[in-house]
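Here is the structure we will look at, set down as structure tokens.
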Amino acid sequence: MSIINLPAIDSSIDRLVEIERQKSNTNYEKAKRRNLAANVLLWGSAALTLGILLYILGFILYRGFRSDNIIESDFIDSSGISVPLDWHDGDSVLIVNDKTRLKEINLRDLESLLNGKPDNWGNINSQDLDVLPYMLSSAKGEFGKNTTYRESPSEIVSSVASQPGALGLIPASFLSLTENKDINIIPVKMLSVGVNPSVLEIENNIKLRYIDRKILRKILRGELTNWQEAAGRDMPVRLVLPPPGSFEWDALIEIAGVSSEELAQSAVGTSSFDEFYSKINSTPGAFGMIRNDRAEENNIKLLSYRYRQTGANLQWWFLFEEPKRAGRVGGISTIVLNTIYMVLLTVLFSTPIGIGAAVYLTEYAKQGTLVKMLRLGTETLAGIPSIIFGLFGFIVFVGAMHMGIGLLSGTLTLTLMILPTIIRTSEEAIKGVPRSFSAGSLALGAGKWQTIYKVVLPAAAPGILTGVILAIGRAVGETAALLFTMGFDYRAVKNLSTSARVLSTHLYQLVKEGISFDRAFATATILIFIVLFVNLVSTRLIKRKY
Amino acid sequence: MRSKLSIKELDFYYGDFKALHKVSMEIEPNKVTALIGPSGCGKSTLLKTLNRMNDLVAGSVVDGTVLYDGDDIYGKYDIIQLRKKIGMVFQSPNPFAMSIYDNIAYGPRIHGIKNKKVLDRIVEKSLRQAAIWEEIKNRLKGPALGLSGGQQQRLCIARVLAVEPDVILMDEPTSALDPVSTSRIEDLIDELKKEYTIIIVTHNMQQAGRISDSTAFFLNGYLEEMGATEKIFFNPDSKKTEDYISGKFG
Amino acid sequence: MSTKTRIHFTNVMEELNKEILMMGVYVEEALKKAIDALKNQDVNLAEEVIKEDERINALEIELFDKVAIVLATEQPVATDLRHLMGAIRIITDLERAGDYAVHIAEGAVRLAGETYLTPLRQIPEAGDEARQMLRDALTAFVNSDEGLAREVAARDDILDKLHKKLLKKMLKYMNKDDEADIEQATTLISLARFLERLGDHVTNICEWVIYSKTGEHVEL
């Protein structure tokens, strides 16, 4: 009988083998899982970065090219071409010269234009044009000093067609006169939402602030019966209908989108405007669509109407028109011009100094502690926040050196800011030129400076140019360094000490002063395109070199 | 015949390292002298001392004399004149990043020639001498870096010829080239020696045999043997020379 | 790359060819003079041939070294290499041919005082033929003309025939038992034999021409 049980040994070896195999399997599985996790992390962060980038860029570009605003106004966003204005018997049509950018206008703005109160279109459509109203001499009411009177509608049509900024009112029956003329017909918004004062009273800290088109339609169709459902107080809605056949009636039917029989059942019908207005004023919870110009005289409270207004934002004219009134009106032409001046001056200052410093550091300086410190210095400067450069510029250039806030101070500050970048890239470019180039030149009997000037620098030019262009990209987008040094005058600069507004500071002003987000985004879009263009050019140059 | 270059007891130091030990040799005019030897033997260093390109190396010290046409180049000799007279062709072709024309006109221009007609003539003459005119005459304004390696090297030779040198130093001029380009450069050297004195450093023993009139063999900074190329290649005096040229060491 | 390169090497090879031709011309001349001396029993001319052989011998050494240096410095390969190898053998053959011319001249000196048993016909004829063959063989070498080389080698038969003819003729005199006649006949036979051997060297040259052209060793 043997002492050792052979089969037992066999089986234990088998078990060991099995355990080893399982171990390696689990290791493999673990590695696989780890790999997967790493992949997910990698792709996830890549996708996130890309997503954020696309979102930001997409958002700015979308808002740049398309204005998309929520507006609260007295006027309902429905308008008509031929409207019953009080100045004429019957319906009238508003015409403007087609050089005037106008899609629609509300009655109040129209009234003020005719009164000559703003004698410039700026407030209405950001266009720097004189307002030139033309009226029939038979028109009723008082108009401003700049209003011109004409005997016949056709005279008005020809006058309006010939002058940018001209507008005129003609009876709707003469609409055909405007065909094939340089004239646009502008719809006029004149309806508002009138309510009984009780609707606007505060109850439980709740006050009805506005309604929108959805609520308006629901009310008209009787689908909304209590103001509570429109975020107002607990009070039944009483729709008061205007006299049938009136302008208001037609508009109401159109907005409701149903026939007159399907209107709210609780609606209160009226047969005259007097009755209509008094019903609104006397019935608690009453609601009616009224002409805006009738509200005051009939003592009717108006409810804000909220709607979304979309349209094209950035258009070519924005680039080519001069800004007026702090950028509220006009385009950004002078600002673009100022930006170009600024970039040119900055390049003019920084390139020779930067290249000179780079040549000194690479070709002349003894490569010792001093050069190392200089390099460290430039690298540190490249990382300093630009606002600090701005502060420095303000104290040194503006203050101590008495240059004042203006183009020169600003560009010098920018020069200081981008100089480290230019020095570093130029240094690298010069170092990248094969030593054999300068050896070849020296062996022909050229001096050191000749060699650098005629052989090394031309060979390094693409690299240097890339650095300069990258620096330009930085300068174009710089705001903080310019805040205290360059000023905000949006007119074209006249000399070096003129305060000058550039794209970045313009954007800053537009947002800070709350002038217009549309304009801010349009400006941002232009800036983004400039920076993209600059980057594209520099990439091209880099590719050409290597 | 009077020597074109006369090197007498030349010592050369890179800092503490002594690269050349008491080298003395005579370079005859209108001959091709080949400097051969294993890497680090001092042959390139010697070449660089002849047009003072070694001045560019920090910490280099020269002791001894180099007479060029009887004048000590380490004396009062104007370094620009020296480099004009003793041109240099480098190991890898190094045309400047400019047009072919500008490459050739570079030397004459830095030496003060501005007249367009004169420059045109110099460019054509140099390119003809370098046997490359026919190939590139129609694209003189094209980039020099667009040429093939062999053409680039001949262009570099033409660039040296354009400053009307007397001696041409060549530092392994064909080591970066293919066999056909190498043959062309060798033919060119054979042609050029009628007008110029040529000193060529080469790692290619066969090349030294083919093109040179006399050969100098360097070893560890010493001039081991110098003589007519036929002699060196057929029956050298030194055993070390023989071992080296027959590829038994080095 | 259509233009020629290695111009220097090409020039060296051409020069070498020229010098080999020159050596051939010297040998030819020596042979002609030797035969003339024999024919006209002109001792001075024969002495001249003997003296001028030094020139041929010196040329052999000179050309031998030249080929060696070309081999050392130019590192030729393929056809160029075979051409040079052939050249070394050819100059040796030429030198041998020159020696035979000297032998003939020595024979002429020996026979100068005697009256020929019969007018010399085969020997001058064979001498002319051998000279022509030598010239053609060297032309074939310089031009790497394989066809010409084969043709020249074939002409060696003519020399053999002339040799046999002379042999037959001389045997007649040798049977007559006149010692002087026998000696003259023996001398003439050996002279003819030298010419025949010279022809063999020309054939060798032809073989080297074919070798340098094709790389094949042939027996012609």
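Could you sort the residues of region B:104-126 by number and keep only those whose accessible area is reduced by 30 Å² or more in the all-protein-chain setting relative to the chain alone, 1.4 Å probe?
Those residues are B:Tyr106, B:Ile110.
Summing Lys, Arg as +1 and Asp, Glu as -1, what charge do residues with Cβ under 13 Å from the Cβ of A:Lys214 carry, A:Lys214 excluded?
Working: positive: A:Arg213, A:Arg217, A:Lys218, A:Arg221, A:Arg306, A:Arg308; negative: A:Asp77, A:Asp212, A:Glu223, A:Glu229.
Combined, the nearby Lys, Arg, Asp and Glu give +2.
Sort region C:7-54 into rounded, prolate or oblate with this rule: let a ≥ b ≥ c be the square roots of the eigenvalues of the Cα gyration tensor; rounded if a/c is under 1.5, and if a/c is not under 1.5, prolate when a/b is larger than b/c, oblate otherwise. Write down the numbers at each step before the final one.
Working: a/c = 7.73, a/b = 3.63, b/c = 2.13.
Prolate, since a/c reaches 1.5 and a/b exceeds b/c.
Put one equal scatterer on each alpha carbon of region B:46-156, apply the Debye formula with no solvent term, and list log10 I(q)/I(0) at q = 0.11, 0.15, 0.16, 0.23 1/Å to two decimals.
-0.45, -0.76, -0.83, -1.22
Determine the dipole magnitude for the protein assembly as shown: charges of +1 sit on the beta-carbon of Lys and Arg, -1 on that of Asp and Glu, nothing else is charged, the reference point is the Cα centre, and the result goes in debye to the nearest 20.
Dipole magnitude for the protein assembly as shown comes out near 3600 debye.
Where the centroid of each part is defined by its Cα atoms, how far is region A:486-525 from region A:289-366 in Å?
5 Å
Based on the mean of other Cβ atoms within 10 Å per residue, sort peptides A:209-222, B:191-204 so the most packed one is first. Numbers along the way, then the final one.
On the way: A:209-222: 18.1, B:191-204: 20.1.
Top of the packing list down: B:191-204, A:209-222.
Which links in A:Lys189/A:Lys512; B:Lys43/B:Lys117; B:Lys116/C:Lys4; A:Lys140/A:Lys301; C:Lys169/C:Lys213 stretch past 29 Å when you go from one Cα to the other?
Working: A:Lys189/A:Lys512 31 Å; B:Lys43/B:Lys117 40 Å; B:Lys116/C:Lys4 34 Å; A:Lys140/A:Lys301 27 Å; C:Lys169/C:Lys213 41 Å.
Table pairs above 29 Å Cα-Cα are A:Lys189/A:Lys512; B:Lys43/B:Lys117; B:Lys116/C:Lys4; C:Lys169/C:Lys213.
Could you tell me the convex hull volume per residue, in Å³, taken over the Cα atoms of region A:192-312? Mind showing how you got there, number by number?
Details: hull volume 13.6 nm³, N = 121.
Here the figure is 112 Å³ per residue.
Starting from the Cα gyration tensor of region A:6-69, take the square roots of the eigenvalues, sort them a ≥ b ≥ c, and report rounded, prolate or oblate (rounded when a/c is under 1.5, otherwise prolate if a/b is larger than b/c, else oblate).
On the way: a/c = 14.58, a/b = 9.04, b/c = 1.61.
Prolate is the answer for region A:6-69, as a/c is 1.5 or above and a/b outweighs b/c.
Report the accessible area of A:Phe59, computed with a 1.4 Å probe over the heavy atoms of all protein chains in place, in Å² rounded to the nearest 10.
Accessible surface of A:Phe59 is approximately 90 Å².
Looking at region B:67-157, which trypsin sites (Lys or Arg not before Pro) are DSSP coil and have at most 10 other C-beta atoms within 10 Å of their C-beta? Could the numbers behind the result be given before it?
Working: sites: B:Lys76, B:Arg83, B:Lys84, B:Lys85, B:Arg109, B:Lys114, B:Lys116, B:Lys117, B:Arg121, B:Lys125, B:Arg128, B:Lys137, B:Arg139, B:Lys141, B:Arg154; in loops: B:Lys76, B:Lys114, B:Lys141.
Loop-located and lightly packed - B:Lys76, B:Lys114, B:Lys141.
Could you tell me, in Å, what Rg and Dmax come out for the Cα atoms of region A:55-132?
Values for region A:55-132 (Cα only, Rg and Dmax): 15.9, 54 Å.
Rg and Dmax of chain B, using alpha carbons, in Å: what are they?
Values for chain B (Cα only, Rg and Dmax): 18.0, 56 Å.
What residues from region A:308-326 fall in the zone where the backbone N is under 16 Å from a label point 7 Å along the Cα-to-C-beta line of A:Ile70?
Under 16 Å, as judged by backbone N against the label point of A:Ile70, lie A:308-310 of region A:308-326.
At 1.4 Å probe size, with the rest of the protein present, what percent of the exposed accessible area of the protein assembly as shown is carbon and sulfur atoms? Display every interim value, and only then the final one.
Details: 27230 of 49030 Å².
In the protein assembly as shown, the share of accessible area belonging to carbon and sulfur is 56 percent.
Once the convex hull of the C-alpha atoms of region C:56-161 is built, how many Å³ does it hold per residue, rounded to a whole number?
Working: hull volume 10.1 nm³, N = 106.
So the per-residue Cα hull volume is 95 Å³.
On average over all directions, what projected area in square nanometres does chain C have, based on the convex hull of its Cα atoms?
12.7 nm²
Mind checking which aspartates and glutamates have their Cα closer than 16 Å to the Cα of A:Lys366? Skip sequence neighbours fewer than 8 apart in that chain.
A:Glu427, B:Asp55
Report the net charge of residues surrounding A:Val511, where surrounding means a beta-carbon distance below 14 angstrom and charges are Lys +1, Arg +1, Asp -1, Glu -1. Intermediate values should be presented prior to the final figure.
Values: positive: A:Arg63, A:Arg328, A:Arg501, A:Lys512, A:Arg519; negative: A:Glu513, A:Asp518.
Within the 14 Å Cβ shell, the charges total +3.
Pairs A:Lys454/B:Lys125; A:Lys214/A:Lys279; B:Lys114/B:Lys141; A:Lys431/B:Lys141; A:Lys448/B:Lys85; B:Lys4/B:Lys193: which exceed 20 Å Cα-Cα? If you can, show how the numbers build up before the last one.
Numbers: A:Lys454/B:Lys125 23 Å; A:Lys214/A:Lys279 24 Å; B:Lys114/B:Lys141 17 Å; A:Lys431/B:Lys141 27 Å; A:Lys448/B:Lys85 18 Å; B:Lys4/B:Lys193 13 Å.
Table pairs above 20 Å Cα-Cα are A:Lys454/B:Lys125; A:Lys214/A:Lys279; A:Lys431/B:Lys141.
Which of C:Arg96, C:Arg121, C:Arg193 moves the most in a Gaussian network model of chain C with Cα springs under 10 Å?
C:Arg121
So, how do all the Cα-to-Cα distances of region A:318-545 break down into 10 Å bins, in percent, from 0 on up?
8, 29, 30, 20, 9, 3, 0
Roughly how large is the C-B contact in terms of buried accessible area, totalled over both chains, probe 1.4 Å, nearest 100 Å²? Write out the running numbers ahead of the final one.
Values: alone 11300 and 11630 Å², together 21660 Å².
Using a 1.4 Å probe, the pair buries roughly 1300 Å².
Which residues belonging to region B:198-216 lose at least 10 Å² of 1.4 Å-probe accessible area when the assembly is complete, relative to their chain isolated?
The answer is B:Gln206, B:Gly209, B:Arg210 - residues whose exposure falls by at least 10 Å² when every protein chain is included.
Taking the dipole about the Cα centre of region B:1-106, with the C-beta of Lys and Arg at +1 and of Asp and Glu at -1, give me whichever of B:Tyr14, B:Ile73, B:Met98 is farthest to the positive side.
Towards the positive end, the residue furthest out is B:Met98.
From largest to smallest, what semi-axes in whole angstrom does region A:82-189 give when each is the square root of 5 times an eigenvalue of its alpha carbon gyration tensor?
Numbers: eigenvalues 64, 48, 35 Å².
In descending order the semi-axes read 18, 15, 13 Å.
With every protein chain present, what accessible area does A:Glu322 have (1.4 Å probe, heavy atoms only), rounded to the nearest 10 Å²?
100 Å²
Charges on Cβ only, +1 for Lys and Arg, -1 for Asp and Glu, centred on the Cα centroid of region A:53-114; of A:Leu53, A:Leu114, A:Asn69, which one is farthest towards the dipole's positive end?
Working it through, the farthest residue towards the positive pole turns out to be A:Leu53.
Let me confirm one metric for peptide B:157-167, namely the mean number of other chain beta-carbon atoms within 10 Å of its residues' beta-carbons. Write down the numbers at each step before the final one.
On the way: counts 0, 0, 4, 3, 0, 1, 4, 0, 3, 0, 0.
So the per-residue partner count for this stretch is 1.
Using a 1.4 Å probe, how large is the accessible area of B:Thr49, given in Å² and rounded to the nearest 10?
My reading of the accessible area for B:Thr49 is about 0 Å².
Taking region A:140-192 on its own, what percent of its Cα-Cα pair distances exceed 15 Å? Working shown, then result.
Numbers: 693 of 1378 pairs.
Counting pairs separated by more than 15 Å, the tail of P(r) holds 50 percent.
Taking 7 Å along the Cα-to-C-beta vector as the label spot, tell me the B:Lys8-C:Ala58 distance in nanometres, rounded to one decimal.
So the two model labels end up 4.0 nm from each other.
Buried accessible area between B and A (1.4 Å probe, both chains summed, ligands and nucleic acids excluded), in Å² to the nearest 100? List each step's numbers first, then the result.
Values: alone 11630 and 28830 Å², together 39010 Å².
Accessible area lost upon association: around 1500 Å².
Can you list the lysines whose alpha carbon sits under 19 Å from that of C:Lys32, skipping same-chain ones fewer than 8 residues off?
The qualifying lysines are C:Lys51.
Name the residues of region B:45-88 whose accessible area falls by at least 50 Å² when all protein chains are present instead of the chain alone, probe 1.4 Å?
By number: B:Arg83.
How big is chain A by Rg and Dmax over its Cα atoms, in Å?
36.3, 139
Magnitude of the Cβ-charge dipole of chain C, K/R +1 and D/E -1, about the Cα centre, nearest 20 debye?
On the way: 28 positive and 42 negative charges, 108 e Å.
Using only the charged Cβ atoms, the result is roughly 520 debye.
By Kyte-Doolittle mean hydropathy of at least 1.0 and Cα axial length of at least 15 Å, which whole DSSP H helices of chain A are selected?
Working: long enough: A:6-65 (86 Å, 0.20); A:333-359 (38 Å, 1.73); A:369-382 (20 Å, 0.62); A:407-432 (35 Å, 0.83); A:457-477 (29 Å, 1.54); A:517-545 (41 Å, 1.08).
Result, helices passing both filters: A:333-359, A:457-477, A:517-545.
Given just the C-alpha atoms of the protein assembly as shown, how large is their convex hull per residue in cubic angstrom?
Numbers: hull volume 474.2 nm³, N = 1016.
Normalising the Cα hull of the protein assembly as shown by residue number yields 467 Å³.
Where the only charges are on Cβ atoms (+1 Lys, Arg; -1 Asp, Glu), what is the dipole of chain A about its Cα centre, to the nearest 20 debye? Mind dumping the intermediate values first?
Values: 55 positive and 50 negative charges, 708 e Å.
Roughly 3400 debye, rounded to the nearest 20.
Quick test of the membrane-span-like rule: which DSSP H helices of chain C reach at least 20 Å along their long axis (C-alpha atoms) with mean Kyte hydropathy at least 0.0? Each step should come with its number before you reach the end.
On the way: long enough: C:7-40 (49 Å, 0.07); C:43-74 (46 Å, 0.27); C:78-111 (49 Å, 0.25); C:122-143 (31 Å, -0.36); C:156-174 (27 Å, -0.58); C:179-214 (52 Å, 0.03).
Passing helices, by number: C:7-40, C:43-74, C:78-111, C:179-214.
Mind checking which lysines have their Cα closer than 17 Å to the Cα of B:Lys231? Skip sequence neighbours fewer than 8 apart in that chain.
B:Lys31, B:Lys239, B:Lys240, C:Lys66
Where only protein heavy atoms count, and the probe is 1.4 Å, what is the accessible area per residue for the protein assembly as shown in Å²? Before the final figure, lay out the partial values.
Numbers: 49030 Å² over 1016 residues.
Heavy-atom SASA per residue in the protein assembly as shown reads 48 Å².
I need the peptides A:377-385, C:141-149 ranked by packing, meaning the mean over residues of other C-beta atoms within 10 angstrom, with the highest value on top.
Values: A:377-385: 13.2, C:141-149: 18.2.
Highest to lowest by the protection proxy: C:141-149, A:377-385.
The values are calculated or read from the model by the stated rules, or taken from the named source; none is laboratory data. Small disclaimer: the values here were computed from a predicted structure and weren't measured. Quick reminder, even Gly has a Cβ in these numbers, built from the backbone with ideal geometry, and neighbours come from all protein chains shown. Just so you know, the surface numbers come from the protein's heavy atoms only, side chains and all, with ligands and any DNA or RNA stripped out. Shrake-Rupley method; radii C 1.70, N 1.55, O 1.52, S 1.80 Å.
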